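All remarks here apply to the structure that follows.
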Amino acid sequence: MKVICPHCEAINNVPLKDDYKKANCGKCKQSLLEVMPLELTSSNMERILENSEIPIIVDFWAPWCGPCKMMAPVFADVALGFPLKALFAKVNTENEQFLGSRYKIRSIPTLIVFKNGQEVERISGAMDPVSLENFVRRLV
């Protein structure tokens, strides 16, 4: 399956398994199991959406948004539980107003789940860790 390295954004082919002990990026050699949310911009979002065969959970947020700030550590913590199962990404709608408009973001935080480059699910509002984890489990 094709996955995007969260460190250098390289496209990697990884064998599909239930569990991984080790998986490193072919370009930067860093672990693909060290999951951290990837920052999406107008220049990289389309390429990443088109080249990931795992679901991508995108958090549309803004730095002035209180609920967004509260949810940021929850989003990062939940991401740790889904290495090579889901890619977690963030779009700062303050900096990327084009993307906010393109995806019709009306309130933040909004999570959009993409599979094979297509939106499959959307939910708005801050989520607690259990709700977010259950949301992601249902989609991977």
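Here the strands (runs of 3 or more DSSP E) wholly within the stretch 79-140 that include at least 2 residues being open to solvent by less than 30 Å² (accessible area, probe 1.4 Å) are 87-92, 110-115.
Within the stretch 29-52, restricting attention to residues that are surrounded by 15 or more Cβ atoms within 10 Å (Cβ to Cβ) and in a loop (DSSP other than H, G, I, E, B), the residue that is nearest to the chain's Cα centre (by Cα) is Pro37. Out of the residues in the stretch 53-78 that are part of a loop (DSSP other than H, G, I, E, B) and free of Cβ contacts under 8 Å to residues at least 40 places away in the same chain, which is nearest to Gly117 (Cα to Cα)? Applying the filter and picking the extreme gives Pro63.
Residue check: Pro67 meets all listed conditions (1) modelled with pLDDT of 95 or more; (2) in contact with a Phe, Trp or Tyr (Cβ under 8 Å, 6 or more places away or on another chain); (3) surrounded by 14 or more Cβ atoms within 10 Å (Cβ to Cβ) but one, namely (2). Condition check: under 30 Å from Pro15 (Cα atoms) and among the aliphatic types (A, V, I, L, M). Does Ile112 satisfy that? The answer is yes for Ile112.
The values are calculated or read from the model by the stated rules, or taken from the named source; none is laboratory data. Source: prediction; values computed, not measured. A quick note on method: Cβ atoms are made from the backbone with ideal geometry, for glycine too, and the neighbour counts reach across all protein chains shown. To get the accessible areas, we keep the full protein, side chains included, count just its heavy atoms, and leave off ligands, DNA and RNA. Shrake-Rupley method; radii C 1.70, N 1.55, O 1.52, S 1.80 Å.
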